[in-house]
Amino acid sequence: MKLVVVSAGLSSPSSTRLLADRLTAATLGHLDAHAETVELRELATEIAQHLVTGFPPARLAAALDAVAAADGLIAVTPVFAASYSGLFKSFFDLIDKDALTGTPVLVGATGGTARHSLVTEHAMRPLFTHLRAPVVPTAVYAASEDWGGQGLAQRITRAGTELARSMRPMHPMSPAAQDTAPDVDTAAAIAPRSPTGAVTSTDPASGLRTVPFEQRLAALQSG
């Protein structure tokens with residue numbers, strides 16, 4: 001399996017790359033995979049050229065191909081003007097609109113103050129949702145005062161575990177199991193329906209009677 005890490009830090013070393021590396025380690029601790037890191041700082045000129053000419057230079061093309069072929073993605077950006085950086089957005093603007101469909105993503109961001117902690121929710125998560133890439137529940141924001149704190153370490157561990165779990169392939173059913181499996185309507189088994197078609201937690205075949213909501217409400221009012 002292949003894990004691709006995109007870091008949009010502008011300095012070297014950078015807190016953005018440090019967070020990306022820690023998220024990578026937390027993910028690989030629960031998954032047998034190969035990790036490749038893409039440093040956008042090193043591709044800034046090529047990204048600008050591609051935006052203007054429409055043709056990616058070789059290094060940028062390799063990075064775009066790596067992201068498209070990933071089984072899982074970690075994307076980390078510094079916060080600029082209460083959102084992701086322009087370099088980060090420009091890179092993902094070059095990704096084909098279907099390239100990340102179904103690819104699990106872990107998002108992270110760094111900033112100087114905790115006031116920007118919701119950038120992962122109001123900016124980054126919608127970006128990857130638009131690209132039809134499922135984002136794991138835990139996003140990690142690291143402000144300057146968070147480094148070295150137990151809370152950040154716990155969030156990193158939880159997020160890495162979630163991404164590793166999302167990347168693990170589903171074990172297909174064996175042919176023998178498929179032959180013996182009952183032919184059932186999965187949706188009906190998960191969400192049984194009443195005679196009127198409404199979803200109910202009671203299987204109609206069980207013989208139990210579903211009490212209409214209006215009757216329950218009348219009983220409460222009379223009591």
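The values are calculated or read from the model by the stated rules, or taken from the named source; none is laboratory data. Treat the numbers as computed from the prediction; the structure is a model and nothing was measured. Note that each Cβ is placed from the backbone with ideal geometry, even for glycine, and that neighbours are counted across all protein chains shown. Surface areas here come from the heavy atoms of the whole protein model, side chains and all, with no ligands, DNA or RNA. Shrake-Rupley method; radii C 1.70, N 1.55, O 1.52, S 1.80 Å.
Got at least one residue in the stretch 84-100 being in contact (Cβ under 8 Å) with a residue 12 or more places away in the chain, open to solvent by 30 Å² or more (accessible area, probe 1.4 Å), under 21 Å from Gly160 (Cβ atoms) and not in a loop (DSSP other than H, G, I, E, B)? Yes, because at least one residue in the stretch 84-100 is in contact (Cβ under 8 Å) with a residue 12 or more places away in the chain, open to solvent by 30 Å² or more (accessible area, probe 1.4 Å), under 21 Å from Gly160 (Cβ atoms) and not in a loop (DSSP other than H, G, I, E, B).
Reported count of residues in the stretch 1-56, each being open to solvent by less than 60 Å² (accessible area, probe 1.4 Å) and basic (Lys, Arg), is 1.
Of all residues in the stretch 71-90, those satisfying the criterion of being farther than 13 Å from Val38 by Cα and hydroxyl-bearing (Ser, Thr, Tyr) are Ser83, Tyr84, Ser85, Ser90. Would a scan of the stretch 107-125 turn up a residue that is more than 20 Å from Thr16 (Cα to Cα) and either open to solvent by 50 Å² or more (accessible area, probe 1.4 Å) or free of Cβ contacts under 8 Å to residues at least 40 places away in the same chain (or both)? No, the stretch 107-125 contains no residue that is more than 20 Å from Thr16 (Cα to Cα) and either open to solvent by 50 Å² or more (accessible area, probe 1.4 Å) or free of Cβ contacts under 8 Å to residues at least 40 places away in the same chain (or both).
Considered as a group, the residues in the stretch 126-157 that are of a type in the set (Val, Ile, Thr) and touching a residue at least 24 places away in the same chain (Cβ under 8 Å) include one that is surrounded by the most Cβ atoms within 10 Å (Cβ to Cβ), and that residue is Val140. Residues in the stretch 60-81 that are in contact with a helix residue (DSSP H, G or I) (Cβ under 6 Å, 6 or more places away or on another chain) and open to solvent by 40 Å² or more (accessible area, probe 1.4 Å): Asp71 only.
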